[in-house]
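Student: I'd like to ask you about the structure that follows.
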Amino acid sequence: MKWIPLMILIASIVLAAGCTTPTPTATPATPTATAISPAATTPSAPVIPDLSGNWSGTSTGYMYQSGYRVFNEPIMMEVTSQEDLLFTGVFSFPHRDGTLETKAFAAVLSDDGKTIKDIEYPGGFSDGIIVSGEEIELIFRDEASPSTICIDSIRRSTAAPAAATTAPPAMPDMKGHWNGTSVGYTEQSGYQLTASPVGMDITEQDGRFFSGTVSFLLNNTPVKKEFAGIFGRDGKSFMTIENPDGFSNGIVISVNEVKLVFRDNNDPSGISIDTFVRSGASPTPAGNAALRLTGTWPGTSRGYMETGSGYGIIQGDLTMNVTTQEDRLFAGQVSYIVNGTPSAKPFAGVIGSDGRTIETVEFPGGFGDGIIVSEREIQLIFRNDGTPSTIAIDTFRRAE
């Protein structure tokens, strides 16, 4: 139930280059990082699917209403424009008073044309996959009230009736108590490294859907928050949303261990690696050291920004400076120019345990998901579901 008014006019905004260059910190002695090598040959360009047209299906998941409550409702998507990997449109769904509501969105396809990330106005975002040329699955999350997480399963309106699909793998049984540790950055006049114990109790699970509570210390004060989660189709990856704020991307390491990267766009902004094990189990030993990212990374940005009159194309240059790194955790500053005004924002990030994926959070708003393409190139999909709502492909190359 994404009760938001329709925005239909498109505005164009251009970002220009901005750059600050703090002195990179010296690289401490660490184990040898796993090398990230570029491909030996350039593969042929993948075929980018044409998503234009009407799609319809169902939205099933959790919405916070004095606790996370299950809901199921119809949903429709219209893709009104597409430029290569970038596309825009509107979602339509029922309002609680029975009327039909619409919500504008902008989205980015991955280079291989198989995954989707979107941002919606004025709140919420989705991560999904193209199941086939006629079917898309999105996992939508919204930190704002009402806190929501759901699976949007949609098919193209011109598609033939759906054939029987292969049953997904059995989902891990997550119910029970999990002990954990949280290590990461919290924004306190700059991102400061923090570490603390955490606990997780999963009280309900129905296949891919589960919910419970997470407990931790905030400024030495015990805090407990409700959360809801959804497994990906692979039965290993999952996504969560917390009330009143925060979200995570996670993976099942074993029947007794899960790892999450938690992010919060609100105050205090934060990002952390949360490792949970069932009572009596021990976490997996750390693997190879992460690639050193400290230094200056000039880049380019191309995407969409919503300014109240529709999503318009934005493009320009920006610079990422990584000033500190502790193994998989890193922090720094990103600089750019908006409407002729130089701006800079602190950010913090986590390198995935695979040594290739990256997740970041910025202050006062925005987050990125990306990949280390090589030792000299990083690509991030940046999103901000605040104001102005933004999504962009940011490509960075390490300065010589």
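The values are calculated or read from the model by the stated rules, or taken from the named source; none is laboratory data. If you're wondering where the values come from, they're calculated on a predicted model, not measured in any experiment. Here the Cβ is made from the backbone with ideal geometry for all residues, glycine too, and neighbour counts use every protein chain on show.
Student: When you check residue 245 against the structure, is it within 26 Å of residue 331 (Cβ to Cβ) and either modelled with pLDDT under 95 or outside any strand (DSSP E or B) (or both), yes or no? Before you say what the answer is, go through the steps one by one.
Tutor: Values: within 26 Å of residue 331 (Cβ to Cβ): yes; either modelled with pLDDT under 95 or outside any strand (DSSP E or B) (or both): yes.
For residue 245, the condition - within 26 Å of residue 331 (Cβ to Cβ) and either modelled with pLDDT under 95 or outside any strand (DSSP E or B) (or both) - is met.
Student: Quick one: would you say residue 138 is within 19 Å of the chain's Cα centre (by Cα), surrounded by 23 or more Cβ atoms within 10 Å (Cβ to Cβ) and assigned by TED's automatic domain parsing to the domain that holds residue 66? Before you say what the answer is, go through the steps one by one.
Tutor: Details: within 19 Å of the chain's Cα centre (by Cα): yes; surrounded by 23 or more Cβ atoms within 10 Å (Cβ to Cβ): yes; assigned by TED's automatic domain parsing to the domain that holds residue 66: yes.
Yes.
Student: Among the listed residues 262, 247, 276, identify the single one that is touching a residue at least 12 places away in the same chain (Cβ under 8 Å), among the aromatic types (Phe, Trp, Tyr) and farther than 23 Å from residue 383 by Cβ.
Tutor: 276
Student: Another question about this same structure. Looking only at residues in region 319-354 that are free of Cβ contacts under 8 Å to residues at least 40 places away in the same chain and among the charged types (D, E, K, R), which one is surrounded by the fewest Cβ atoms within 10 Å (Cβ to Cβ)?
Tutor: Per the stated criteria, the residue is 354.
Student: Return the only residue of 217, 193 being within 30 Å of residue 66 (Cα to Cα) and surrounded by fewer than 21 Cβ atoms within 10 Å (Cβ to Cβ). Please lay out each step first, then the result.
Tutor: Numbers: 193 fails: within 30 Å of residue 66 (Cα to Cα).
After ruling out the rest, the residue left standing is 217.
Student: Now for a different question. With region 289-400 as the region, which strands (runs of 3 or more DSSP E) entirely inside it contain at least 3 residues that are hydrophobic (A, V, I, L, M, F, W, C)?
Tutor: 311-326, 329-338, 341-351, 367-374, 377-384, 390-397
Student: Does residue 316 fit the bill of being under 26 Å from residue 81 (Cβ atoms), surrounded by 21 or more Cβ atoms within 10 Å (Cβ to Cβ) and not acidic (Asp, Glu)?
Tutor: Details: under 26 Å from residue 81 (Cβ atoms): yes; surrounded by 21 or more Cβ atoms within 10 Å (Cβ to Cβ): no; not acidic (Asp, Glu): yes.
So residue 316 fails the test.
Student: Which of the numbered conditions does residue 112 fail, given that it passes all the others? Conditions: (1) in contact (Cβ under 8 Å) with a residue 60 or more places away in the chain; (2) closer than 20 Å to residue 227 by Cβ.
Tutor: Only one criterion in (1) in contact (Cβ under 8 Å) with a residue 60 or more places away in the chain; (2) closer than 20 Å to residue 227 by Cβ is unmet by residue 112, namely (2).
Student: Just to confirm my filter: which strands (runs of 3 or more DSSP E) fall fully inside region 58-120 and include at least 3 residues that are touching a Gly at 6+ places or on another chain (Cβ under 6 Å)? Explain how you work it out, then say what you get.
Tutor: Values: elements: 68-83, 86-94, 100-109.
Qualifying strands (runs of 3 or more DSSP E): 68-83.
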